[in-house]
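Working notes, structure below.
We did not get these values from a lab; they are worked out from the coordinates using the rules stated. These numbers come from a predicted model, not from an experiment. Because the Cβ atoms are built from the backbone with ideal geometry, glycine has one as well, and the counts that use them run over all protein chains shown.
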């Protein structure tokens, strides 16, 4: 195991509550690699001596559906703080804390909308890893934390932009022949124009979101993990919050 992951795992476990579930947040920019990191961390935790049962929950399912975003004039603010149903997410996390059986909404990156049919059932896990944006806004001043340990992933902006394009362009290509795909609407776009389109999406939407909103999670984080262009972990620093 890389020494950086050793350090992360040690700090995460140091923030483990006396009673399960242990709720860990993984935040950072769009395309910074939150889901991959969350899976890797979950596997390492599950491989521990007590073999805890780990669930990974993404906040994407708590986005307001596209129909609601359109009604509220938020279509171009999707992914920004106001596009999430924070009250529903807080309620779900509080129920998970109480060891209740919770139906968590899912999200389809193919249709680019909340999945209104399928859900993820979370039933009394030992560890929950919450993967998503704007995790700091879940907490309320003066109230007990819902997230025991918040990890923030960061990299150079130009590096994340490349990762974003590397993710988006294959989705656009796959959507050309798939009427159910969100990207089917762009099927007539010349393939040579797609990189410029991805760059505009990054510059007009994701970069302002990162600079103006997402980095609030860094300020609230317990651990800040810096990544290199090859996704390796460069270093880990302890954030402002001390273990409870």
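Remarks
- The chain: most fluctuating residue of 30, 201, 12 per GNM, C-alpha cutoff 10 Å: 201
- Bridge type composition, the range 3-237 - antiparallel percent by DSSP, nearest 5: 40
- Relative contact order of the chain, taken over Cα pairs closer than 8 Å and 6 or more residues apart, is 28 percent.
- P(r) histogram, all alpha-carbon pairs of the range 1-137 included - 10 Å bins from 0, percent: 11, 40, 33, 13, 2
- When Rg and Dmax are taken over the Cα atoms of the range 160-202, they come to 9.9, 29 Å.
- Taken along the Cα-to-beta-carbon direction at a fixed 7 Å, the label points for residue 140 and residue 219 span 2.1 nm.
- Alpha-carbon centroid distance for the pair the range 171-204 / the range 1-73, whole angstrom: 29
- For the range 152-243, the relative contact order works out to 31 percent when only alpha carbon pairs closer than 8 Å and six or more residues apart are counted.
- Taking the DSSP beta bridges with both ends in the range 97-244, the antiparallel portion is around 75 percent.
- Gaussian network model of the chain, springs between alpha carbon atoms under 10 Å - residue of 228, 165, 136 with greatest fluctuation: 228
- Scattering curve values for the range 46-100, log₁₀ I(q)/I(0), Debye with Cα scatterers, q = 0.19, 0.27, 0.29, 0.31 Å⁻¹: -0.73, -1.04, -1.11, -1.18
- Global form of the range 95-152, assessed from the alpha-carbon gyration tensor, a/c cut-off 1.5: oblate
- The ranking of 107, 152, 183, 112 from fewest to most other beta carbons within 10 Å of each one's beta carbon is 112, 107, 183, 152.
- Ranking of 231, 134 by neighbouring Cβ atoms within 10 Å, starting from the fewest: 231, 134.
- Gaussian network model of the chain, springs between alpha carbon atoms under 10 Å - residue of 101, 140, 194 with greatest fluctuation: 140
- The candidate values are (1) 7, 30, 36, 21, 5, 0; (2) 8, 34, 37, 18, 3; (3) 7, 30, 31, 21, 9, 1, 0; the one derived from this structure for P(r) over Cα pairs in 10 Å bins from 0, in percent carries the label (1).
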